[in-house]
Amino acid sequence: MKKNYYLKKNRTFTFVRKYGWIITLLIAIGGLWQPKLGLLVLFIMSGLLITSFFTGRYWCGNFCPHGSLFDKIFLPISKNIEIPKPLKSKPMIIGFFGFFMFNFIRKMINIFSNWGNYDFLDKLGLLFVNTYLMVLITGGLMAIFVTPRTWCQFCPMGTMQKFSYSLGKKTGIAKKTDKKITISNPDLCRNCGLCSKVCPFQLEPHKNWNENNQFDNVNCIKCSTCVEYCPVKILSLK
Ligand code: SF4
Ligand code: SF4
């Protein structure tokens, strides 16, 4: 892969994607003073688990507050280079998920021993605040020195969405509700690779159409960046 292969192109096409990063700062920074703000993460987690059951990682590309921070704030100062393969490998994804969940559950058990105490909700909120802050710092550094969506390659919330999506597919429900990047007419494709060069996840839709002319990749965050930049406008999300 050439060093300057990936292009820095705007990815924030909607209001939520432009300004969702404010929620990240509100929870991760504001939560240090008002820990109950961390409880907002419970709604975010419910949202991502429900939407992923029906349509995979759509949440990551369209609603995630951290995703908005990475794409809106960090993209302009990012080195935007290729994501190192070990960071998106299965051992990394599974290993980090296990590590994260072990620590999260351990802390959760500790906090629930305070059930009924006046500061229970503050303690619970602070757990989410600290997690949000950790992602802001770690994901932010990766966004600057690699590419904005580096953290997302092994994000435990992304892994949970993949579980939920596979459940949705197994029950047959996701088949009816899912949306995928679709090429209307492969004969019109110029093979310019622009759809892949602008992809925040560094996926390669232009080389991977299935028999239904769709890009069937569990990691596609359905952000429609490829749709926006295809010069012949043959891509859509449907
Ligand atoms: S393939 Fe298209 S929709 Fe999927 S992540 Fe890449 S740019 Fe976004
Ligand atoms: S951007 Fe459009 S024309 Fe270029 S390779 Fe992708 S689908 Fe083909």
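The values are calculated or read from the model by the stated rules, or taken from the named source; none is laboratory data. Small disclaimer: the values here were computed from a predicted structure and weren't measured. Please note: Cβ atoms are built from the backbone with ideal geometry, for glycine as well, and neighbour counts cover all protein chains shown. Heavy atoms of the whole protein, side chains included, go into the accessibility calculation; ligands, DNA and RNA do not. Shrake-Rupley method; radii C 1.70, N 1.55, O 1.52, S 1.80 Å.
Before moving on, here are some points about what is shown:
- Among the residues making up the range 209-229, a single one is within 13 Å of ligand 2 (Cβ to nearest atom), closer than 28 Å to residue 72 by Cα and part of a loop (DSSP other than H, G, I, E, B): 224.
- Some residue of the range 188-210 being closer than 15 Å to residue 225 by Cβ, out of contact with any helix residue (DSSP H, G or I) (no Cβ under 6 Å at 6 or more places or on another chain) and of a type in the set (S, T, N, Q): yes
- Some residue of the range 212-226 being out of contact with any helix residue (DSSP H, G or I) (no Cβ under 9 Å at 6 or more places or on another chain), farther than 25 Å from residue 63 by Cβ and surrounded by fewer than 16 Cβ atoms within 10 Å (Cβ to Cβ): yes
- When 236, 196 are screened for being assigned to a helix (DSSP H, G or I), open to solvent by less than 50 Å² (accessible area, probe 1.4 Å) and more than 7 Å from ligand 1 (Cβ to nearest atom), only 196 passes.
- Counted as qualifying within the range 2-70 are the helices (runs of 4 or more DSSP H) with 1 or more residues that are free of Cβ contacts under 8 Å to residues at least 12 places away in the same chain, within 25 Å of residue 177 (Cα to Cα) and open to solvent by 60 Å² or more (accessible area, probe 1.4 Å), namely 15-19, 40-55.
- In the range 74-87, the qualifying residues are those that are under 15 Å from the mean Cα position of the chain (by Cα) and of a type in the set (A, V, I, L, M), and the one that is surrounded by the fewest Cβ atoms within 10 Å (Cβ to Cβ) is 87.
- The lone exception for residue 206 - which of (1) assigned to a helix (DSSP H, G or I); (2) buried (at least 18 other Cβ atoms within 10 Å of the Cβ); (3) more than 10 Å from ligand 2 (Cβ to nearest atom) it fails: (3)
- Matching residues, the range 42-60, being out of contact with any Phe, Trp or Tyr (no Cβ under 6 Å at 6 or more places or on another chain), more than 14 Å from residue 223 (Cα to Cα) and of a type outside the set (Phe, Trp, Tyr): 42, 44, 45, 46, 47, 49, 50
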